[in-house]
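Chemist: Have a look at this one before I ask anything.
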Amino acid sequence: ILPKDYEEAPHIKYASQVCHCTKVSRSVNMENLQNEYLFPEIFMREFVHTQKYPHARLIRLGVGNTTEPIPDIITSSMAEHAHALSTVQGYRGYGAEQGHMELRRAIAEKFYNNMGIEGDEVFVSDGAQCDISRLQQMLLGSNVTVAVQDPSFPAYIDSTVIAGRAGRFQEETGKYKNIVYLNCMPENNFFPDLSTASRADIIFFCSPNNPTGNAASQQQLKQLVEFAKANGSIIVYDSSYAAYISDDSPRSIYEIPGAREVAIEVSSFSKFAGFTGVRLGWTVVPDELLYANGFPVIKDYNRIVCTCFNGASNIAQAGGLACLSAEGYQAITTVVDYYKENAKIIVDTFRSLGLKVYGGKNAPYIWVHFPGLSSWDVFNEILEKTDIVTIPGKGFGPGGEEYIRVGAFAHRESILEASKRLKTLF
Ligand code: PLP
């Protein structure tokens, strides 16, 4: 299938004729991956649907892609920086691999005030997903063991598989043999029972969580930090959705005493400032985080960033700095609030239909339960009958079966129209 007029469609080509094969064998780790990465798979199903129904007015509430314009104060700053590159005075080549110190300090001050994080512990990057991969592929040794929340953002598991740490995929359970799955369901307040959880070297923990939309409480994160400390594990904490928190849930793992000794935090400007296309994120590696032999993790991370990354775009960094100015921050908060209002409309819609709904309050994701049903069947039925794209929960791990994830990233008219269609369907 070759998508034509659809720029976001995955670039998948099935060769009709194989002409020449090299002698290079395919990585066994790549062969061990199950299906396509979830989001391109959703794009593909969307594309097939539009081929089948060319006049369908599709509403995309699936892949979490931002839709609202970036406030002018931020794009003006990027434009100004870009224009200055055409001048002798304003031209800049390579910058510091770790990011401009002004931005690193601004991130530390804005997001980690009173948490003891300094600018030189913040590494600016081209996005959280890229940092997750760099941690997995480069920083960590091949023999480390990994735990993930189930369900969870698929990049944690897939990058573990690509790094060759996952073991064989087991059809019966839908799990990889060597990954520890930490079940996070409504029954356990979306927090695993750590008294029975197996030890793992690395614990990926995302809060507010994608896909469940749940934000862990102070008490839960305290337990997580204690668990990591007792087991000598490192938490990789993903706070990409922290800007959506509406209650007093922690916005960073470093709000928890002792976290500096056990946690790396990965975060992003994508959903906070609409930078999904601009590309900007950061990772915090505290000085106190040490390997078993006492060597500081930050020194290795710095080495990886210098050797394998070379720094985020200076135009994107100018935008990032503008986001953290008083006026810029105010402007992007308005956009976040817009998505939060969308989320509320979706939550109310599903609740009015008598369904159990989670998330939406501290995250732009709504997690809807369809007891006894296959999540792919629910996804297909909603797409077929309402032209609305969601995501089947099972795509986020076996714990996501019976659920669908609905995203709040859309124009308000689309959300209202989706609400109308869903009420008619159910
Ligand atoms: N982490 C989580 C939990 C996400 O949901 C996403 C994107 O949806 C990312 C990271 C990717 O962020 P970025 O755009 O900064 O790579």
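Chemist: So for the pair residue 411, residue 96, with labels modelled 7 Å out along Cα→Cβ, what separation do we get in nm?
Modeler: 4.2
Chemist: Helix by helix, which DSSP H runs in the chain go 24 Å or more along their axis at the Cα atoms and have an average Kyte-Doolittle hydropathy of -0.5 or more?
Modeler: 326-352
Chemist: How big is the Rg/Rh ratio for the stretch 176-324, C-alpha atoms only, Rh by Kirkwood, two decimals?
Modeler: Dividing the radius of gyration by the Kirkwood radius yields 0.98.
Chemist: In addition: Among 136, 34, 218, which one shows the biggest mean-square fluctuation in a GNM of the chain, springs joining Cα atoms closer than 10 Å?
Modeler: Top of the fluctuation ranking is 34.
Chemist: Continuing with this model, one more query. Could you pull the Cα extents of the stretch 333-380 along its three principal axes, largest to smallest, in whole Å?
Modeler: 38, 20, 16
Chemist: Which entries in the list 222/361; 299/344; 394/423; 110/299; 271/356 go over 32 Å, if you measure between the two C-alpha atoms of each?
Modeler: Table pairs above 32 Å Cα-Cα are 299/344.
Chemist: A follow-up question, please. With the Cα gyration tensor of the stretch 279-319 in hand, convert its eigenvalues to equivalent ellipsoid semi-axes via √(5λ) and list them largest first in whole Å.
Modeler: So the three semi-axes of the stretch 279-319 are 26, 11, 6 Å.
Chemist: Ignoring solvent entirely, what values of log10 I(q)/I(0) come out of the Debye formula for the stretch 73-326 at 0.08, 0.10, 0.14 Å⁻¹ when each Cα is a single scatterer?
Modeler: These q points yield log10 I(q)/I(0) values of -0.31, -0.48, -0.93.
Chemist: Sticking with this one: Out of 230, 106, 312, any idea which swings most in a Gaussian network model of the chain, alpha carbons joined below 10 Å?
Modeler: Sorting by GNM fluctuation, first place goes to 230.
Chemist: To the nearest 0.05, what FRET efficiency results for residue 171 and residue 86 with a Förster distance of 51 Å applied to their C-beta separation?
Modeler: Between residue 171 and residue 86 the formula returns 0.35.
Chemist: Which is farthest toward the positive dipole end of the chain among 317, 225, 407, measuring Cα position about the Cα centre, with Cβ charges +1 (Lys, Arg) and -1 (Asp, Glu)?
Modeler: Sorting the options by dipole projection puts first 407.
Chemist: May I pose another question? In nm, to one decimal, how far is the residue 246 label point from the residue 30 one, both placed 7 Å along Cα→Cβ?
Modeler: Between residue 246 and residue 30, the simple spin-label model gives 4.4 nm.
Chemist: How compact is the stretch 90-191 by the rule of thumb for globular proteins, expressed as Cα Rg over 2.2 N^0.38 Å?
Modeler: 1.41
Chemist: Let me ask something else. Which of the peptides 284-295, 385-396 is most tightly packed, and how do the rest follow, judged by the mean count of other Cβ atoms within 10 Å per residue?
Modeler: Packing proxy ranking, top to bottom: 385-396, 284-295.
Chemist: Give the relative contact order (percent, whole number) for the chain; include only Cα pairs under 8 Å separated by 6+ residues.
Modeler: 21
Chemist: A follow-up question, please. I'd like the antiparallel share, as a percent to the nearest 5, of DSSP beta bridges with both residues in the chain.
Modeler: 55
Chemist: Just to verify a number: FRET efficiency for residue 229 and residue 424, C-beta to C-beta distance, R0 = 60 Å, to 0.05?
Modeler: Rounded to the nearest 0.05, the efficiency is 0.70.
Chemist: Give the span of the stretch 321-426's Cα atoms along each principal axis, as three whole-Å numbers ordered largest to smallest.
Modeler: 48, 30, 21
Chemist: Based on C-alpha coordinates, I'd like the Rg and Dmax of the chain, in Å.
Modeler: Reported Rg and Dmax, both Å: 21.6, 65.
Chemist: Moving on to the next point. Helix-only estimate, please: 222 nm mean residue ellipticity of the chain, summing -39500 (n - 2.57) across DSSP H runs of length 4 or more and dividing by its residues, to the nearest 500.
Modeler: -11000 deg cm²/dmol
Chemist: Please work out the FRET efficiency for the pair residue 142 and residue 114, using the Cβ-Cβ distance as r and a Förster radius of 41 Å; give the result to the nearest 0.05.
Modeler: 0.60
Each value in this text was obtained by applying a stated rule to the coordinates, not by laboratory testing. All values reported here derive from a predicted model rather than from experimental measurement. Every residue, glycine as well, gets a Cβ built from its backbone with ideal geometry; the counts of neighbours run over all protein chains shown.
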